[in-house]
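Visitor: Below: one structure in structure tokens.
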Amino acid sequence: MSNFYLKSVDEQRDASFRRLANYIREVVHPYHPYYRKLFKENGIDPYKIRTPADLARIPVTYKDDYRPDPIAFILQPTFPGREARYDTARIGSKFIAKYLAQSVFNYPRDFAAQYRANYKEGFKYAKLGRRVALEWNPIHFHASAGSTGDPTPATYTYRDIHVPIKEAAAAFWAGKEVKWDMRALNIFPGAPHLAFFQVLMGKWMSGASGFDTFGGSVIPTERQIQLFSEGRFDALVAIPSYLVYWLRKAVEMVESGEVEPLETLFIGLAAAEPLTDSLKTYIKELVVRAGGSDDFRLVQGYGMTEMKVAFYECAENSNIHLNPKFFYWEVLDPKTCEPVGEGEPGVLVFSHIDWRGTAFLRYYTGDLVAGGVRWHRCEHCGLTYPIMYPPIMRAKKDFTKLKGTRVSLMELISAVRDTPGVYQFQAVLDKEVAGDEYSRDKLLIRLAVQDGFTYEAVAEEVRKNVKGTTEVTPDEVRHEPDRETLENELFSRTGIKAEYVVENRPVHL
């Protein structure tokens with residue numbers, strides 16, 4: 001492993017920034033269409049970016065900057081004999097010299113080029129083109145999960161997968177909770193998004209063992225549970241909302257004798273949705289009821305399409321370890337976009353370092369980190385990282401005004417979900433007169449109740465909890481006797497994440 005992760009905080013922070021500054025000068029400024037134009041328009045000299053204060057001259061990049069032309073965010077040098085799509089610099093002599101050396105000595109070993117050279121074309125220029133393609137040619141892309149209704153793609157080159165992905169994804173194996181011989185059942189839905197492909201890339205790059213179910217729409221949940229039990233898997237990789245659904249089914253099947261208790265289940269990796277303390281506790285209770293380990297460990301992951309890789313806790317409650325070698329991290333005030341102090345709340349902003357394909361500088365994630373980011377040596381794994389402290393929520397999307405009160409949607413969700421007897425639910429934000437922006441706000445809670453509880457009693461507790469947490473009383477708590485139908489509706493729009501809150505009020509609110 002690189003000693004980069006063993007440096008002191010100050011050494012690592014300085015090294016991370018130096019890598020970023022070099023990357024901007026040598027790769028981003030000459031070969032990135034969007035930032036090359038941005039630097040020119042704003043009079044930014046890449047050779048004068050020597051301190052974090054200099055970096056702040058680069059405007060923050062938002063999703064709205066990226067969405068209109070994602071191809072302009074792909075690094076693409078101009079090559080002799082090929083028509084340039086954008087105004088980017090010609091590939092530098094330093095890169096050409098590297099490719100010549102690689103093609104002569106075939107190192108790193110490239111079997112495809114070797115076969116082609118042996119049987120088709122043995123001259124160096126053909127092999128040189130192959131080396132160029134390995135570094136710059138996008139070979140894979142996936143998009144966001146589409147919860148915003150407008151997914152955006154991120155592209156990867158061969159080099160991305162075999163350099164930053166290989167190292168950054170391997171960080172999961174530094175965790176003391178992880179066993180080298182464990183086998184994981186990946187129950188993320190199969191779709192072109194990071195959550196699914198991160199698991200694939202992670203196991204291929206690290207030599208991990210696992211089976212990918214592609215989610216309940218491909219392999220029914222009941223069959224997944226049978227596979228886990230019969231195959232004696234050790235771990236589950238899942239979105240929290242689907243993990244709850246999966247474990248509830250497992251409890252039913254274990255209690256009915258359809259499958260043996262899941263006694264080998266000792267660890268879970270949950271990502272793509274917030275994981276509150278109360279939800280962790282509930283998941284652990286379900287694991288025990290399904291026959292899993294009393295000492296079941298649940299670790300969190302964090303990532304987004306634009307990052308191109310995800311990050312993890314090394315141990316339960318160690319908090320998310322952000323990679324400092326292939327990313328430079330900032331935390332900004334959501335109103336002023338000025339840096340906040342270490343450990344203070346703010347929105348996470350990142351810059352790629354040493355990536356090809358899609359790359360960003362100062363990308364505004366929109367994720368508000370309430371505990372901020374603190375750079376220190378982790379007491380669990382002994383490595384130095386910028387560590388992100390929860391809760392983590394969307395700076396805008398996770399808050400709303402309801403009846404004149406600013407409401408955290410995460411708190412609203414927790415207030416309902418944590419009520420004893422709640423099996424499943426959905427909060428609907430509407431108007432008393434549908435579509436009429438001048439009528440009063442209306443909060444409807446659709447509620448499915450667990451066996452052994454009465455609707456009336458649970459509904460009353462839901463009203464109390466929501467009022468106590470948000471200062472807003474639900475106008476209606478509607479009984480949903482068909483639990484399965486409600487649960488299926490939660491996933492019906494994206495097929496990936498549960499939609500616990502539906503906004504039906506006029507969009508300009």
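The values are calculated or read from the model by the stated rules, or taken from the named source; none is laboratory data. These figures come from a predicted structure and were not determined experimentally. A quick note on method: Cβ atoms are made from the backbone with ideal geometry, for glycine too, and the neighbour counts reach across all protein chains shown.
Visitor: One residue is enough: does the stretch 39-59 have a residue meeting the conditions modelled with pLDDT under 95 and hydroxyl-bearing (Ser, Thr, Tyr)?
Guide: For the stretch 39-59, residues modelled with pLDDT under 95 and hydroxyl-bearing (Ser, Thr, Tyr): absent.
Visitor: Pick out the one residue from 472, 462, 466, 428 that is more than 30 Å from residue 246 (Cβ to Cβ), touching a residue at least 40 places away in the same chain (Cβ under 8 Å) and surrounded by 12 or more Cβ atoms within 10 Å (Cβ to Cβ).
Guide: 472
Visitor: State which residue is nearest to residue 67 (Cα to Cα) when the search covers only the stretch 16-41 and only residues that are hydrophobic (A, V, I, L, M, F, W, C) and touching a residue at least 24 places away in the same chain (Cβ under 8 Å).
Guide: Let us first name the residues in the stretch 16-41 that are hydrophobic (A, V, I, L, M, F, W, C), namely 17, 20-21, 24, 27-28, 38-39.
Those left that are additionally touching a residue at least 24 places away in the same chain (Cβ under 8 Å): 17, 20-21, 24, 27-28.
Numbers: 17: 27, 20: 24, 21: 26, 24: 22, 27: 22, 28: 19 Å.
So the residue we want is 28.
Visitor: Here's a follow-up. Condition first: farther than 21 Å from residue 348 by Cβ and in contact with a Phe, Trp or Tyr (Cβ under 6 Å, 6 or more places away or on another chain). Now tell me which residues in the stretch 35-75 satisfy that.
Guide: Answer for the stretch 35-75, where residues must be farther than 21 Å from residue 348 by Cβ and in contact with a Phe, Trp or Tyr (Cβ under 6 Å, 6 or more places away or on another chain): 72, 75.
Visitor: Restricting to the stretch 431-448, count the residues that are surrounded by fewer than 18 Cβ atoms within 10 Å (Cβ to Cβ) and either closer than 15 Å to residue 477 by Cα or not assigned by TED's automatic domain parsing to the domain that holds residue 481 (or both). Can you show your working first?
Guide: Initially, the stretch 431-448 is screened for residues surrounded by fewer than 18 Cβ atoms within 10 Å (Cβ to Cβ), giving 431-440, 444.
Add one more test, that the residue is either closer than 15 Å to residue 477 by Cα or not assigned by TED's automatic domain parsing to the domain that holds residue 481 (or both), and what stays is 432, 444.
Qualifying residue count for the region: 2.
Visitor: crowded, with 20+ Cβ neighbours inside 10 Å, without any contact (Cβ under 8 Å) to a residue 40 or more places away in the chain and in contact with a helix residue (DSSP H, G or I) (Cβ under 8 Å, 6 or more places away or on another chain): does that describe residue 301?
Guide: The answer is no for residue 301.
Visitor: Okay, next question. How many residues does the stretch 298-309 hold that are outside any strand (DSSP E or B) and polar (S, T, N, Q)?
Guide: Selection size over the stretch 298-309: 1.
Visitor: Here's a check for you: in the stretch 262-294, which residue that is surrounded by fewer than 16 Cβ atoms within 10 Å (Cβ to Cβ) and not in a helix (DSSP H, G or I) is modelled with the lowest pLDDT?
Guide: This residue is 294.
Visitor: Continuing with the same structure: Does the stretch 310-326 include one or more residues that are in contact with a helix residue (DSSP H, G or I) (Cβ under 7 Å, 6 or more places away or on another chain), in a loop (DSSP other than H, G, I, E, B) and closer than 23 Å to residue 144 by Cβ?
Guide: Yes, the stretch 310-326 contains a residue that is in contact with a helix residue (DSSP H, G or I) (Cβ under 7 Å, 6 or more places away or on another chain), in a loop (DSSP other than H, G, I, E, B) and closer than 23 Å to residue 144 by Cβ.
Visitor: Any residue at all in the stretch 438-456 that's of a type in the set (D, E, K, R), outside any strand (DSSP E or B) and either within 17 Å of residue 400 (Cα to Cα) or in contact with a Phe, Trp or Tyr (Cβ under 7 Å, 6 or more places away or on another chain) (or both)? Give the derivation first.
Guide: First, the residues of the stretch 438-456 that are of a type in the set (D, E, K, R): 440-442, 446, 451, 456.
Subset that is outside any strand (DSSP E or B): 440, 451, 456.
Cutting the leftovers down to either within 17 Å of residue 400 (Cα to Cα) or in contact with a Phe, Trp or Tyr (Cβ under 7 Å, 6 or more places away or on another chain) (or both) gives us 440.
Yes: one or more hits.
Visitor: Any residue that is farther than 26 Å from residue 329 by Cα, without any contact (Cβ under 8 Å) to a residue 24 or more places away in the chain and surrounded by 13 or more Cβ atoms within 10 Å (Cβ to Cβ) - is there at least one of those in the stretch 63-84?
Guide: Checked against the condition, which is being farther than 26 Å from residue 329 by Cα, without any contact (Cβ under 8 Å) to a residue 24 or more places away in the chain and surrounded by 13 or more Cβ atoms within 10 Å (Cβ to Cβ), the stretch 63-84 yields at least one hit.
Visitor: Hey, could you check the stretch 200-218 for residues that are modelled with pLDDT of 90 or more and closer than 16 Å to residue 233 by Cα and say which is surrounded by the fewest Cβ atoms within 10 Å (Cβ to Cβ)?
Guide: 209
Visitor: For the stretch 210-227, indicate whether the set of residues that are in a loop (DSSP other than H, G, I, E, B) and charged (D, E, K, R) is non-empty.
Guide: The first filter runs over the stretch 210-227 and keeps only residues in a loop (DSSP other than H, G, I, E, B), leaving 213-220.
Now restrict to residues that are charged (D, E, K, R): none.
Within the stretch 210-227 (the criterion being in a loop (DSSP other than H, G, I, E, B) and charged (D, E, K, R)), the answer is no, since none of the residues qualifies.
Visitor: A further question follows. Do you know which residues across the stretch 332-342 are surrounded by 14 or more Cβ atoms within 10 Å (Cβ to Cβ), within 22 Å of the chain's Cα centre (by Cα) and in a loop (DSSP other than H, G, I, E, B)?
Guide: Within the stretch 332-342, the subset surrounded by 14 or more Cβ atoms within 10 Å (Cβ to Cβ) is 332, 334, 337, 339-340.
Adding the requirement that they be within 22 Å of the chain's Cα centre (by Cα) leaves 332, 334.
The answer is 334, and nothing else.
Visitor: While we're looking at this one, here's another question. Given the criteria of a type outside the set (Asp, Glu), closer than 23 Å to residue 200 by Cα and at pLDDT 95 or above, does residue 315 qualify?
Guide: Working: of a type outside the set (Asp, Glu): yes; closer than 23 Å to residue 200 by Cα: yes; at pLDDT 95 or above: no.
When the stated conditions are applied, residue 315 does not pass them.
Visitor: Just for the stretch 320-337: of the residues that are without any contact (Cβ under 8 Å) to a residue 24 or more places away in the chain and charged (D, E, K, R), which one is nearest to residue 163 (Cα to Cα)?
Guide: Per the stated criteria, the residue is 333.
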